[in-house]
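Okay, structure first, notes after.
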Amino acid sequence: MKRTAFLAGSKCYRRFATLVLIGANAFVLEAMPSTAPKYGGVMRVQMQVRMETIDPRQWPSAPMLVVVAERVDSLVFDRLVRFDEYGALQPALAVSWEHDAKSKRWQFVLRKGVKFSDGAPLTPEAAALALQQLLGNSFDVSATSDSVVILADHSVPDLPTTIASGRYLIFHTADDGSLLGSGPFRVTEWPAASAPAKIILTANESCWAGRPFVDKIELTMGVDVQQQANAIAFGQADVVELPASEVRRAAQRGVRTVSSDPVELYALQIDTTRSAVQDVRLRQAISLAIDRASIADVILQRQAVVAGSLLPNWISGYAHLFPIVADLPRAKDLLTATGREVSHPAPLVLIYDSGDEQAHAVADRVAVNLKEAGITVQVAAQQAAGKSVAADIRLLRRHISVPDPGMALADLSNSFGESTAILETLEQIYAAEHAPIDALRIIPLVHVSESFGLGPHVRDWMAPRWGGWRLEDVWLGPAQPTAGAAQ
């Protein structure tokens, strides 16, 4: 089956309909090709991170590696359920699901006729085997004639939400040990450890949602952001990642740029177990001294919005209720009350992830702001290879990869070490989000959009509003004039 722009039941059709419903006019025009989509061609994609595997059983723990794994694995594998543009659950490999009164037993009825990319049928047994390896011993996964049954030893009312993201992808192990999925592409070349980091993904002709438009994707990994910016500007790539600091510059060079809603959170995490930052007045002074607007507008080149909350407003709807206050005189008064100006303590240590130049720039600006209030800060990179730097403050960069507020807050909180269950009501979510902020353990700074640069041949780029890509629905056409930023 071929993928067409208006094929009922295909991924492409569902997203097109959604975009029209939410539609800003320019966005709708982007979704409606002036000519019929064409099959064929090789799409050249570059990214900064190098993946070691697409195996969902070896899911990464580092938050930014999780973002890349989600992005790449979605080209090869499918899930039982997925999120639509509004954050609602929709069928994918499962067409329906139900649970018992205690939400301990879930049954997912599988879509008929689905095949893995090697032609093997997707059976309930195959799906159950994959999920059992991913869900772990707290779950018993079995198969019936047409369904996968998941039995938990505790109530899991949010199970469908949980398996709609993350590692819970359905895979099949081939005779040679390679992993295959039912998604739009299959891996036909994976680089050796010493080889150039290029993955070749070839169209899955039997994909249940329709064949992707391009024949192949050449995905080159380990390309730094400046090399990517040059590659897209000089026609050496079709899709590249653009950090916030490069978006405006790329547009000025004639590159078409696309950006998501704000999906990355920058925040400070203060280690309140360390004596240097246990005084709540000092933590208040830190929060009040930071000029979030300069971070959003100058460092991140207006590709970010100031944040007082963990979740962006487009997800929660209540972010505007969190105050965002910059008050340097008040910060100085609080600092005076702590007695630090008299005792002259050692500088606070602020760390950021090593290798993340954008985070480095944000950390430096925070240090400048704090120095203006009289707080001396030493900025250092978090060391690689698992070696930690003793730090009073950590700059966190976290991607929000799901549009469900309860799931998104749980993911963020758990990544901070603030264990939070997936909550059901907005009132519960709001209260849970307030707790670490009110205690000044977490100080939100900005929410940043995710951006890509697109070559002149790329057509019908319609990514989820929470970032990522859907390369299966992109096609390559004749070069078209560029006008900088695209909606």
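So for region 370-444, what percent of the C-alpha to C-alpha distances run longer than 22 Å?
Values: 1029 of 2775 pairs.
Result for the distance tail: 37 percent.
Give, in whole angstrom and from largest to smallest, the semi-axes √(5λ) of the equivalent ellipsoid of region 439-480, with λ running over the eigenvalues of the Cα gyration tensor.
34, 11, 5
Let me check something: with ligands and nucleic acids excluded, how do Val42, Val67 order by accessible area (1.4 Å probe), largest to smallest?
Val42, Val67
So what is Rg over Rh here for region 263-391, counting just Cα atoms and using Kirkwood for Rh?
Taking Rh as the inverse mean 1/r over Cα pairs, Rg/Rh reads 0.97.
Below 20 Å Cα-Cα, how many Lys pairs turn up in the chain? Only count pairs eight or more apart in sequence, or on different chains, if you could.
13
So, taking all protein chains as they sit and a 1.4 Å probe, how much accessible area belongs to Asp297, in Å² rounded to tens?
For Asp297, solvent-accessible area is about 70 Å².
Project the alpha carbons of region 22-162 onto their principal axes and report the range along each, largest first, in whole Å.
For region 22-162, the Cα spread along each principal axis is 51, 34, 32 Å.
Tally Lys and Arg at +1 and Asp and Glu at -1 over the other residues with C-beta under 13 Å from the C-beta of Ala164: what net charge comes out?
-3
Pull out the extension gain between Asp224 and Ser103, defined as 0.36 nm times the separation in residues minus the alpha carbon to alpha carbon distance; nm, one decimal.
Stretched out fully, the Asp224 to Ser103 stretch lengthens by 39.0 nm.
State the Cα centre-to-centre distance between region 99-128 and region 252-302 in whole Å.
43 Å
Report the equivalent ellipsoid semi-axes for region 252-309 in whole Å, largest first, defined as the square roots of five times the eigenvalues of the gyration tensor built from alpha carbon atoms.
One finds semi-axes of 32, 12, 9 Å for region 252-309.
Ignoring ligands, DNA and RNA, how do Trp461, Trp208, Trp190 rank by accessible area with a 1.4 Å probe, largest first?
Sorted descending by solvent-accessible area, the residues read Trp190, Trp208, Trp461.
Just the accessible area for Arg105, please: 1.4 Å probe, Å², rounded to the nearest 10?
It works out to around 100 Å².
With a 1.4 Å probe and every protein chain left in place, tell me how much accessible area Met51 has, in Å² to the nearest 10.
20 Å²
I need the Kirkwood Rh of region 168-211: take the reciprocal of the average 1/r across all distinct C-alpha pairs and report it in angstrom. Intermediate values should be presented prior to the final figure.
Working: mean 1/r = 0.0850 Å⁻¹.
11.8 Å is the Kirkwood radius here.
Using a 1.4 Å probe and counting only protein heavy atoms, arrange Arg79, Arg111 so the residue with the most accessible area comes first.
Arg111, Arg79
So for the chain, averaging the separation of alpha carbon pairs under 8 Å that are six or more residues apart and normalising by length, what relative contact order in percent results?
Reported relative contact order: 21 percent.
In deg cm²/dmol, rounded to 500, what helix-only [θ] at 222 nm does the chain give when every DSSP H run of at least 4 residues adds -39500 (n - 2.57) and the total is split over its residues?
-8000 deg cm²/dmol
Diagonalise the Cα gyration tensor of the chain and give the resulting equivalent ellipsoid semi-axes, square root of 5 times each eigenvalue, largest first, whole Å.
40, 28, 21
Please state, as a whole number in µm²/s, the translational diffusion coefficient that the Stokes-Einstein equation yields for region 330-487 at 20 °C and 1.002 mPa s, with Rh defined as the Kirkwood radius across alpha carbon pairs.
111 µm²/s
Mind putting together the pair-distance distribution for region 68-109? All Cα pairs, 10 Å bins, whole percent per bin, short to long.
Over region 68-109, the share of Cα pairs per 10 Å bin runs 25, 43, 27, 5 percent.
Set the Förster distance to 45 Å, then compute FRET efficiency between Ala36 and Val298 from the Cβ-Cβ distance, nearest 0.05.
The calculated FRET efficiency here is 0.55.
Principal axis lengths of region 107-245 from Cα atoms, whole Å, largest first?
54, 34, 30
The values are calculated or read from the model by the stated rules, or taken from the named source; none is laboratory data. From a predicted model like this one, the values you see are computed outputs, not experimental measurements. Ideal geometry is used to build each Cβ from the backbone, glycine not excepted, and the neighbour counts take in all protein chains shown. With ligands, DNA and RNA removed, areas are computed over all heavy atoms of the protein, side chains included. Shrake-Rupley method; radii C 1.70, N 1.55, O 1.52, S 1.80 Å.
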